[in-house]
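Below you'll find the structure, written out as structure tokens, and then a few comments.
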Amino acid sequence: MLKNETLYGDPSLDKACSHVLEFWFPASEKHVERLRERVEAGEFDRSLASLVEEIKSDFSLFFYCVRAASALLANGGIFATDRPTDPVRLLENAGIEGLKWVINALPDKLSSHRFSDISAEQTEILNQALVSVAVTEELASGLGFDRKKGFGTALCRKLGYLLVAWNYPSIYKKALATTTADIDLETRIAQFLGFSPSMLAAKLLSQWLISSEMLYAVDPEYASRVVDSEEFAKVAQAGEKLTRLCEVGEIIASSSNSEIYPPSRESWDFAKREINRVLGPNGIKQVHKQLLRSARCYLAHMPQVFGSVLDIKDSLIPVLHNRFLAGCSDQLRYMLEALYSSLRPNAVSAENLNKLLKEIIPYAGFFGGLIYTYDPMREKLVAQSKIGKVLAMNAHVVDCKSPDSQSAVLVDAINKAGVVIENRISSNGQRIVTLSGLIGKIEHIGVLYLEMHYGTYSQDADQHSHHFEALRQSLKDCLSVS
């Protein structure tokens with residue numbers, strides 16, 4: 001049970017809480033807008049877990065929804081509860097209807113801050129949060145611990161730093177520059193502001209129905225002042241377990257910028273040992289796969305800003321099977337890596353396929369295309385899926401024994417291992433480049449056909465041809481085709 005938290009009241013801390021709640025930290029506006037559209041379309045009406053996962057993928061949105069959901073739950077009605085919990089379960093407790101209400105009530109902009117103005121220091125702390133969360137989630141699973149609580153605790157421990165970095169940027173930058181081996185960032189910020197990032201986060205979280213043990217993991221001193229004394233020993237024991245769970249992820253995260261956050265050799269060796277002990281010899285790769293999933297929102301919508309999250313010390317190499325990713329442009333590679341993070345062997349996901357066809361392929365510059373399936377008994381190609389607006393291909397069923405001049409490239413694609421490229425003039429007189437390639441070397445499933453404006457293609461023909469190969473391989477992997 002929490003005491004009255006005003007016992008730990010401090011005018012400067014109270015003022016800071018009001019300030020950061022007003023200005024917050026930025027969310028991906030594209031992600032929020034798209035999520036609102038999907039909620040309105042009823043996409044999550046039967047899947048609370050999917051809706052919570054989408055909210056979790058943007059940290060600003062996540063905490064904003066936690067704030068709103070906690071108020072909803074505390075204010076009575078069908079969502080009434082006052083039992084403190086972890087932030088993920090708090091969202092689940094609100095239910096589908098509660099979260100739909102929260103999403104529909106979101107302001108047009110969650111924050112007055114924008115990612116377009118992001119500083120190197122702000123990028124780094126958000127990247128650290130992404131890494132810390134990914135490591136902690138995997139370790140939680142490996143230890144048989146509550147994965148959701150691991151996610152929530154790791155992120156709550158970063159909340160104060162995120163809020164200070166955006167709402168007191170000059171102070172945050174100055175604190176980073178003056179941190180020493182004897183004075184860490186937490187202490188230096190407290191010296192400048194009169195309160196630490198952990199104090200700020202704990203005070204906010206205590207107002208959002210977050211559990212006592214999680215408050216302890218964020219700020220033990222704060223928890224000692226607001227938790228009843230007869231319960232504190234039990235709370236501290238649980239909080240220490242959460243803290244130790246998060247510390248490994250924070251060491252790994254700090255190694256991504258060892259100049260600012262220099263982990264000792266002993267702590268780095270400890271973190272690696274723990275990952276190997278809990279997750280096995282491939283633990284680092286497992287962590288990286290989870291990192292791609294955790295960072296998918298940021299990588300998909302802002303790859304130029306957050307791509308560095310993948311550059312983690314000691315070669316956390318992505319486990320990907322698409323050999324063409326290495327030659328892609330940074331932006332396209334990050335989008336495809338985010339896609340691959342949610343692919344599963346021998347499984348077909350309509351959501352992943354839809355993302356590839358409607359978001360990633362158009363982003364790569366292909367304005368239109370078709371996916372054909374091949375019927376070997378009838379020796380025919382049949383158009384199954386359309387991408388965008390197709391300008392230079394009218395054939396929906398192709399007789400492979402006697403194709404016409406327009407569809408001959410599709411038949412050539414079946415008989416060739418590489419990409420079949422052809423220049424065409426569309427019906428409205430535009431110069432078009434078409435690229436066609438076989439889907440499946442062992443199983444001849446069909447053909448991917450894409451169109452690009454000649455002017456776009458001619459600017460870097462080799463790059464766009466390489467992108468086609470990467471997209472074709474991605475399609476095969478989405479369809480689980482060998």
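The values are calculated or read from the model by the stated rules, or taken from the named source; none is laboratory data. Keep in mind it's a predicted model, so treat the numbers as computed, not measured. Cβ coordinates were reconstructed from backbone atoms using ideal geometry, including for glycine residues, and neighbour counts include every protein chain displayed.
Working carefully through the options 109, 173, find the one that is more than 27 Å from residue 73 (Cβ to Cβ), surrounded by fewer than 21 Cβ atoms within 10 Å (Cβ to Cβ), at pLDDT below 95 and not polar (S, T, N, Q).
On the way: 109 fails: more than 27 Å from residue 73 (Cβ to Cβ).
Matching residue, one of 109, 173: 173.
Can you say whether residue 137 is charged (D, E, K, R), assigned to a helix (DSSP H, G or I) and under 25 Å from residue 93 (Cα atoms), as far as the supplied structure shows?
yes
If you take the residues of segment 214-258 that are without any contact (Cβ under 8 Å) to a residue 24 or more places away in the chain and hydroxyl-bearing (Ser, Thr, Tyr), which of them is farthest from residue 134 (Cα to Cα)?
Looking at residues that are without any contact (Cβ under 8 Å) to a residue 24 or more places away in the chain and hydroxyl-bearing (Ser, Thr, Tyr), I get 229.
In segment 207-249, how many are in contact with a Cys (Cβ under 7 Å, 6 or more places away or on another chain) and at pLDDT below 90?
0
When you check residue 122 against the structure, is it touching an Asp or Glu at 6+ places or on another chain (Cβ under 9 Å), buried (at least 19 other Cβ atoms within 10 Å of the Cβ), at pLDDT below 95 and polar (S, T, N, Q), yes or no?
Values: touching an Asp or Glu at 6+ places or on another chain (Cβ under 9 Å): no; buried (at least 19 other Cβ atoms within 10 Å of the Cβ): yes; at pLDDT below 95: yes; polar (S, T, N, Q): yes.
When the stated conditions are applied, residue 122 does not pass them.
So which of 392, 383, 417 is in a loop (DSSP other than H, G, I, E, B), of a type in the set (A, V, I, L, M), under 22 Å from residue 475 (Cα atoms) and at pLDDT 90 or above? Spell out how you get there, then give the answer.
Values: 383 fails: in a loop (DSSP other than H, G, I, E, B); 417 fails: at pLDDT 90 or above.
Among 392, 383, 417, only 392 is in a loop (DSSP other than H, G, I, E, B), of a type in the set (A, V, I, L, M), under 22 Å from residue 475 (Cα atoms) and at pLDDT 90 or above.
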